[in-house]
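Chemist: Can you read through this structure? Questions will come right after.
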Amino acid sequence: MSSPVPQDALLARLDDDLAGLSREVDRIRADLRTLRPSESPAPAPRPGPVPAPVPPPPPPAWTPAGAWAPPAAWAPRPGPPPRGVPAFPPGGRGPARPPRPPRPPRPPRTPRVAWTPARLLAVTGGATTVLGVVMLLVLAAGRGWFGPEARVVGGAVLGLALVGIGVRVRRRAGASEAPAGAVALVATGVAALFLADVAAVALFDLLPLAVAAPLALAVTAGGLALADRWRHRGLALGVLVAAALAAPLVVGAPTPTLVTVLLASQVAAVVVARRRAWPLVAAVASVASTLAALGAAIRFLAGGTFSDLPTTLAVLAVLAAGAATAVAVGAPGRAVATSLLGLPVLPVLLVAPGLARVPGALVAGGVAVALLLAVVALDRDPAHRPLALVAGTAGTVSLLVATLIAVDSGPVSVPLLAEAAVLAVTAAAARRVGPLVAGGALALVGGATALAVDAPPALVADFPTRPFVLTAPGGTATTAVVGELVGALATSLLLVAVAAAALAALTRLEALRDRTNAAVAVAGLGLVGLYGATGTVVTTALLVSPTRGAFLVGHVLVTISWTAIALVLLVRGLQSSLPRILGGVLVAAAVAKLLLFDLTALDGLARVAAFLGAGLVLLAAGTGYARAVAGAAGATDGGAGTPGPTAAPTSPASSSTVGPSATGGRQPEA
């Protein structure tokens with residue numbers, strides 16, 4: 001073993017290393033000075049000798065003579081390192097790692113627009129000119145100064161002249177950036193052409209909408225093509241903002257015609273936004289058409305003068321264009337894309353209730369189906385996951401609205417719970433969380449409606465309960481309302497189906513691995529299932545005979561059936577933990593029902609039958625469960641001495657079975 005190095009020797013080594021570093025830095029500094037170009041044209045003088053630094057203390061014997069070299073302490077040394085000296089660099093677990101490759105440079109950010117006086121004057125002049133065009137088209141029409149054709153042609157000629165002047169100014173600027181004057185002239189000219197087209201179709205009926213919409217698309221596309229060629233996003237925004245703000249002033253109200261022409265400008269903006277990665281351009285165009293559609297939907301609900309079909313087609317077209325724009329914008333504008341898909345759903349949801357029952361349900365239902373199918377397509381691409389989330393949320397809300405519109409009479413909770421059960425089964429089959437969340441939202445609304453109206457707690461807790469069972473005036477005879485009882489029976493059955501499907505979906509999604517989560521989920525869904533089962537039995541008894549005797553018999557059957565099902569689940573719980581938890585919850589529910597409800601609500605033989613039946617079943621359950629546990633333990637002990645060749649150890653944390661593989665040889669207690 002080597003003797004430990006004294007502390008003074010270590011300090012001396014560190015002092016020598018620092019001195020060597022100082023000499024090396026001085027040498028590099030002197031070499032850099034000799035490489036600098038001289039101010040005079042004469043050849044560079046020969047570098048003089050480098051001044052010697054202050055001599056350090058005499059180096060120890062282990063330092064090599066001559067030029068400075070890395071200290072020997074940094075090089076591998078034979079034998080173990082001295083005590084107190086780390087073998088590797090501080091904070092490291094081994095030799096120094098090679099340097100990481102440099103990160104790729106971030107793309108340069110778009111510089112902010114500097115509002116110079118020239119730019120401010122150009123924008124102000126453009127806005128003033130656009131307002132002048134609006135006055136030419138609107139005020140002149142109101143006072144009869146010129147004929148309709150003269151106003152439209154005058155606005156179009158003015159727009160073409162402004163665009164031509166702006167292009168000429170841009171050419172004179174050469175290869176430099178487009179001047180503010182050229183941008184303002186082109187944006188104002190395109191807006192004037194757009195407004196002339198809008199006035200021709202909305203004010204003067206000079207053009208049909210089938211011609212005016214493609215013309216608006218061509219005008220906007222021309223202005224955006226110049227913005228694309230000049231690579232000037234401000235020009236594109238100026239064209240769209242001027243058209244979106246001035247067109248409602250010309251039309252005068254949010255109508256389907258206004259929505260159509262603004263939708264044409266949105267279609268033109270998608271191409272440039274996709275090509276130049278300008279999500280803000282697509283957002284401005286989409287917001288303009290969406291706000292126009294929202295105003296048209298509100299005016300339609302308030303009793304507008306236009307018919308149902310144009311408004312419906314306009315809002316559906318805005319939704320389709322918004323979805324296409326959101327997908328086209330994609331990842332560069334993820335936040336913008338989600339808003340472009342979610343906002344256009346609002347006008348559709350406002351128009352659908354204003355239509356007749358069947359058309360309104362078809363519109364909202366069709367939108368719901370389209371959005372839910374879009375979720376399946378968008379969820380495959382990780383870049384479109386936010387869009388899939390928005391589409392799923394909007395589809396669920398549309399499905400809820402369609403269901404509420406379609407149900408004219410009868411229990412509302414029945415279709416909602418049926419849709420929730422189907423979505424839960426879909427989540428279990430596809431192993432996706434999204435359908436389960438959508439089904440949970442519909443189940444919450446349907447369950448609240450069931451508890452409030454369709455299958456209230458009073459139906460299973462009291463007799464008689466209106467409007468399910470009616471009492472004859474002045475007597476004790478009762479009459480069943482078959483329609484109400486059938487609706488309550490269907491609601492109760494669907495509650496059981498929703499609870500079972502949700503439990504199966506959670507199991508398939510592996511959300512019940514944790515025992516705490518499993519206990520909470522099983523307890524909540526178990527209560528829903530028990531309530532539905534109780535309503536099913538009691539409602540069936542009342543349908544057979546709407547008397548108090550049938551009501552009491554139904555509750556007796558409920559209590560005994562709970563305990564019997566608990567016995568089956570506990571026996572099956574010897575191989576799996578989930579049935580055992582369900583059986584325990586069911587036993588606790590049966591005992592609670594006996595003490596809290598049957599003891600006070602039932603009377604006479606019904607109370608005796610409930611307690612005797614439940615007690616006998618619980619006794620049989622205890623005896624059978626103990627025998628099954630003992631048999632399983634004996635089988636385990638008998639096979640423990642000769643383990644089979646296929647036996648494999650299983651981690652307790654990853655296994656859900658109850659037995660030797662899951663609990664280390666410990667069986668459930670009897």
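The values are calculated or read from the model by the stated rules, or taken from the named source; none is laboratory data. Note that the structure is a prediction, hence the values are computed from the model and not measured. Note that each Cβ is placed from the backbone with ideal geometry, even for glycine, and that neighbours are counted across all protein chains shown. Only protein heavy atoms, including side chains, enter the accessible area calculation; ligands, DNA and RNA are left aside. Shrake-Rupley method; radii C 1.70, N 1.55, O 1.52, S 1.80 Å.
Chemist: For the ranges 531-541, 455-465, what's the packing order if you count other beta-carbon atoms within 10 Å of each residue, average per peptide, and put the highest first?
Modeler: Output ranking for 531-541, 455-465: 531-541, 455-465.
Chemist: Counting only other residues whose beta carbon sits under 15 Å from that of Gly164, what net charge do I get with K and R as +1, D and E as -1?
Modeler: +4
Chemist: While we're here: Of the listed peptides 244-255, 412-423, what is their order by residue-averaged count of other C-beta atoms within 10 Å, with the highest listed first?
Modeler: The densest-packed peptide leads the list: 412-423, 244-255.
Chemist: Please give the contour-minus-distance gain from Val271 to Arg33: 0.36 nm per residue of separation, less the Cα-Cα distance, rounded to one decimal in nm.
Modeler: That pair, Val271 and Arg33, stretches by 80.0 nm at full extension.
Chemist: So what does Ser265 come to for accessible area, using a 1.4 Å probe and Å² rounded to 10?
Modeler: 10 Å²
Chemist: Can you tell me the alpha carbon radius of gyration of the stretch 388-506 divided by the globular rule-of-thumb value 2.2 N^0.38 Å?
Modeler: For the stretch 388-506, the normalised Cα radius of gyration is 1.24.
Chemist: Stick to Cα atoms and the Kirkwood definition of Rh, then tell me Rg/Rh for the stretch 494-544.
Modeler: Over the Cα atoms of the stretch 494-544, Rg/Rh equals 1.13.
Chemist: Ranked highest first by the average count of other Cβ atoms within 10 Å around their residues, in what order do 198-204, 162-168 fall?
Modeler: Most protected by this proxy first, the peptides run 198-204, 162-168.
Chemist: Please calculate how many Å² of accessible area the stretch 439-553 carries per residue, with a 1.4 Å probe and no DNA, RNA or ligand atoms counted.
Modeler: 47 Å²
Chemist: In whole Hz, what ³J(HN,Hα) sequence does the stretch 274-280 give by Karplus (6.51, -1.76, 1.60; θ = phi - 60°), x for Gly and Pro?
Modeler: Once θ is set to phi - 60°, the couplings for the stretch 274-280 become 5, 5, 9, 6, 10, x, 5 Hz.
Chemist: Quick one: what do you get for the stretch 121-260 if you divide its Cα Rg by 2.2 N^0.38 Å?
Modeler: Dividing the Cα Rg of the stretch 121-260 by 2.2 N^0.38 Å gives 1.02.
Chemist: In whole Hz, what ³J(HN,Hα) sequence does the stretch 163-171 give by Karplus (6.51, -1.76, 1.60; θ = phi - 60°), x for Gly and Pro?
Modeler: Each residue of the stretch 163-171 in turn: 5, x, 5, x, 5, 5, 5, 5, 5 Hz.
Chemist: Taking a quarter of the surface of the Cα convex hull of the stretch 191-262, what do you get in nm²?
Modeler: 4.2 nm²
Chemist: In whole Å, what is the distance between the alpha-carbon centres of the stretch 362-398 and the stretch 503-527?
Modeler: That distance is 27 Å.
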